[in-house]
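Some notes on the structure that comes next.
The values are calculated or read from the model by the stated rules, or taken from the named source; none is laboratory data. Bear in mind that the values here come from a model prediction, so they are computed numbers and not experimental data. Don't worry about glycine lacking a Cβ; one is built from the backbone with ideal geometry, like all the others, and counts go over all protein chains shown. Just so you know, the surface numbers come from the protein's heavy atoms only, side chains and all, with ligands and any DNA or RNA stripped out. Shrake-Rupley method; radii C 1.70, N 1.55, O 1.52, S 1.80 Å.
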Amino acid sequence: MSSRVEQQLQAISRRFRPLLQDGTRPLEFIGRVAAELPALFRNGMRQRDLRYYLDLCGVQALPIVVLICLLMGMVMAVNGQIQFSKLGQEIFVADAVGLIVLKELGPLMVAMVMTGWAGSAFAAEVGTMKLDEQISALETMGIRPESFLVFPKLAAMLISMPILTIFGDAAGILGGMIIGVTSMKIPPVAYWTRTLEALDITTFVLGAAKSIPFALLITFAGCYCGFNAANNSQGVGRGATKAVVCSIFLIVVADVFITVLYSFIGY
């Protein structure tokens, strides 16, 4: 009887072992990257790689970020007009659009765009290098691939994401103003003045600060999925898809926790 129970427990453990391994591997990956921080501070990183990823994650991503945030601001203004017009208070659309863009949708939409723009690119790039055995070649030369491949991407994202969030916030507010001026016939000066009255610098800073953990999550998820992609072309594609899905999930979870944290301090 005891042997039968033992066999059942062993069967259960074999089933759950892959799940435990999948849960600990990301932590191991983050630990390997963190272990290379002292070497990064001593030796620095390749400036050419940093400039390349700044261009990829910043300059090239700016037009699509601005366009999407502009359209989201217009969508919010249209829906706000429908509700506030029932009360005859269309001017409050400026309050709603400004607060929602700065506190939530601005950083969140930028993070979603960068998940597809940069996170999938990171996973595909690292997965392709693994497929071509370039990562093995780096290890043979005594170069830690975690520091060589992750840090330039991470630094570029940490620099680009707050800047893109600022542009996204401005584009979202502008989109709301376009609807307010053209559809609701609110004078531009009145709309802008109302927006400034509803917002303050703390709201702007706290919203932009969300881009820092979002950048960390997108970079680590993309690189981790690339390093763990299967050694075939289908594996690289699945790694890129997995990077996008994981990044979106982690960003939403992080946004919930940050929003709850902000609520405790009155924002």
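A few remarks follow.
- In terms of its C-alpha gyration tensor, the chain comes out prolate, because a/c is 1.5 or above and the ratio a/b outweighs b/c.
- Dimensions of segment 161-267 from C-alpha coordinates, computed as largest minus smallest value along each principal axis and given longest first, are 59, 35, 19 Å.
- Ignoring lysines fewer than eight residues from LYS86 along the same chain, the ones with Cα atoms less than 24 angstrom from its Cα are LYS185.
- Accessible carbon and sulfur surface of segment 67-173 relative to its total accessible area, %, 1.4 Å: 70
- 15 Å beta-carbon shell around ALA96, net charge (K/R +1, D/E -1): -2
- Of the residues PHE220, ALA137, LEU164, the one whose Cα sits farthest toward the positive end of the charge dipole of segment 135-231, with +1 on the Cβ of Lys and Arg and -1 on the Cβ of Asp and Glu, is LEU164.
- List VAL150, VAL113, ordered by accessible area with a 1.4 Å probe, largest first: VAL113, VAL150
- Net charge of neighbours whose Cβ lies under 12 Å from the Cβ of MET184, counting Lys and Arg as +1 and Asp and Glu as -1: +1
- Among SER120, SER233, SER160, the largest mean-square fluctuation in a Gaussian network model of the chain (Cα springs under 10 Å) belongs to SER233.
- Whole-Å distance, taken between Cα centres, linking segment 217-253 and segment 97-172: 11
- Residues of the chain: accessible area per residue with a 1.4 Å probe, Å²: 54
- Comparing CYS69, CYS223, CYS246 in a Gaussian network model of the chain, where Cα atoms under 10 Å apart are tied by springs, the biggest mean-square fluctuation is seen for CYS246.
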